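Student: Mind looking over this structure? Questions follow.
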Amino acid sequence: MDFVNQLQRKFIDYSSSLHREGIVDDQFTQLRKLEDENSPHFVMEVASLFFEDCEKLINNMAIALEQKQGVDFKQIEECIHQLKGSSSSIGAMRVKNACIAFRSFSGAQNREGCLRCLQQLSHEYSLLKNKLQTLFRVSVASRCLYVCLVIFCRGNEHAEPFPDVLVFQLEKQIVAAGGSIPRVH
Amino acid sequence: VVIYAAGSGDVSDLTAPSSIDLRSVSLLDSDHSLAQVSLFDSVVSEMARNGGVAWMRTTEKIGGYDLSTSDTEEVHVLAVDDSLVDRKVIERLLRISSCKVTAVDSGRRALQYLGLDEEIQKKETNGFDGLKVDLIITDYCMPGMTGYELLKKVKESSAFREIPVVIMSSENVIARIDRCLEEGAEDFIVKPVKLSDVKRIIDYTTTELREGEQREGARAKRRGINKRKQREGDDDLSSSPPSTLSSSTSSSPSSSIQSATAPSSPSTLDSPTRRLKMTSSE
């Protein structure tokens, strides 16, 4: 079971780093607390919806800023407003802050400024998506591993503690299945 | 987790839907009322996944009880928000607070939903609740009809003006808050919405409903109508969970205050929200 503890430790450390870096804020923590046995993937589900939303809005804004005949800043403000709202609801702090900065440039109808902001926003979004997907993979992997261990131990009630060799095999299988076990520095 | 159907007695009967009142599923480990509600949701969603949805829609009455009816113990909330992310979050917050939730994406749809509700209520001459809404939670900024406009429409209608309306907004603007409160909003939540916000609102709503029920009960007693006697003579498939659930004595659980013959569980039953309140105050 020590390996599972290690994995869970890594999960906790990784999750803390997201907070430290400002990628997510307290609202994200609040959402994690809403998960239970009946809704174990709630945060992952909301995050997926958010990613779709985000990509669509960023795309719309990029198109709007490209219009030669004139940029529709009202539309851009509308997109920013939506994105700010949903990023706030999920606890995506840096994305939310990027929206706030963006808003002032679109309010000033500054096309160049808006383009820079959009780039910044895209960057923050990519960062968030990568980090959250890693977090979810570790979370799912450690749960799978835990379940495997439980099943194995239940089947061998009088057996020795789980041998390391099998642990490493399981780890390889998780990675092969597309999961990852992050190495925390 | 063990599921048993109270009232049917015969476990082999579980295959016959008409002999199960799903609202009386109970857990042997009954520490949390939350779990009871979640289990119900799980069973329902499992049935939906296995193609049970069509069945539920065409035969919504099971054992005489409309499954889509708001459980008289649960607060039924109509949540209105154009953002899918926010809808999902508010839905979860409300479910975890033991509420039944209907989430719609616009003020227009909210009014349609309520309008539909009115028609059903007119048809239900035996006093059975239709899809009665106990509380409306709405976003302020929405395309088309804003939350403020929805609030006004609800307060202008004689049928629905009693329903408390809570406004949510990402902008903490005093003028906006004042305007909403003046128009009759119950409360104003600044987004992002947290569980503590929702619990506060639900506690308040539950208290209001229970006080309304007590007033109604007192009135009924004065009229000489003993509602409980009437209910005990009713259908065997009552909606009360078995007494293994720990409950302190309480007044009647929150339920409809509109119809005098609304079926409601006997007084030994604690509403889930009440249990939640008591747990959180322990």
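Every read-out reported here was derived from the displayed coordinates using simple, explicitly stated rules and does not represent laboratory data. Quantities reported herein were computed from a predicted structural model and do not represent experimental measurements. So basically every Cβ, Gly included, is an ideal-geometry build from the backbone, and we count neighbours across all protein chains shown.
Student: Of the residues A:ARG116, A:ARG103, which is within 14 Å of chain B (Cβ to nearest Cβ) and more than 18 Å from the chain's Cα centre (by Cα)? Before you say what the answer is, go through the steps one by one.
Tutor: On the way: A:ARG116 fails: within 14 Å of chain B (Cβ to nearest Cβ).
Residue meeting the stated conditions: A:ARG103.
Student: Have a look at B:ASP178, B:ASP197 and point out the one that is assigned to a helix (DSSP H, G or I) and either on the phi > 0 side of the Ramachandran plot or surrounded by 13 or more Cβ atoms within 10 Å (Cβ to Cβ) (or both). So that I can check it myself, show each step before the final result.
Tutor: Numbers: B:ASP178 fails: either on the phi > 0 side of the Ramachandran plot or surrounded by 13 or more Cβ atoms within 10 Å (Cβ to Cβ) (or both).
Unique residue meeting the criteria: B:ASP197.
Student: Mind listing just one residue for me: the one in the range A:38-77 that is within 8 Å of chain B (Cβ to nearest Cβ) and among the charged types (D, E, K, R) and, of those, farthest from the chain's Cα centre (by Cα)? Break it down into steps so the answer makes sense when it comes.
Tutor: Residues of the range A:38-77 within 8 Å of chain B (Cβ to nearest Cβ): A:38-39, A:42, A:45-46, A:49-50, A:53.
Those still in the list that are among the charged types (D, E, K, R) too: A:45, A:53.
Numbers: A:GLU45: 10, A:ASP53: 14 Å.
Restricting to residues being within 8 Å of chain B (Cβ to nearest Cβ) and among the charged types (D, E, K, R), the top hit is A:ASP53.
To keep it simple, each residue is scored yes or no on (1) out of contact with any Lys or Arg (no Cβ under 8 Å at 6 or more places or on another chain); (2) surrounded by 13 or more Cβ atoms within 10 Å (Cβ to Cβ); (3) of a type in the set (Gly, Ala, Ser); (4) part of a helix (DSSP H, G or I).
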site: A:SER88; (1), (2), (3), (4): no, yes, yes, yes
site: A:PHE102; (1), (2), (3), (4): yes, yes, no, yes
site: A:SER106; (1), (2), (3), (4): yes, yes, yes, yes
site: A:GLU112; (1), (2), (3), (4): yes, no, no, yes
site: A:ARG116; (1), (2), (3), (4): yes, yes, no, yes
site: A:LEU132; (1), (2), (3), (4): yes, yes, no, yes
site: A:ILE151; (1), (2), (3), (4): yes, no, no, yes
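Student: All but one of (1) within 14 Å of chain B (Cβ to nearest Cβ); (2) surrounded by fewer than 16 Cβ atoms within 10 Å (Cβ to Cβ) hold for A:GLY22; which doesn't?
Tutor: (1)
Student: So which of A:LYS74, A:LYS10, A:LYS56 is crowded, with 16+ Cβ neighbours inside 10 Å and in a helix (DSSP H, G or I)?
Tutor: Exactly one of A:LYS74, A:LYS10, A:LYS56 is crowded, with 16+ Cβ neighbours inside 10 Å and in a helix (DSSP H, G or I), namely A:LYS10.
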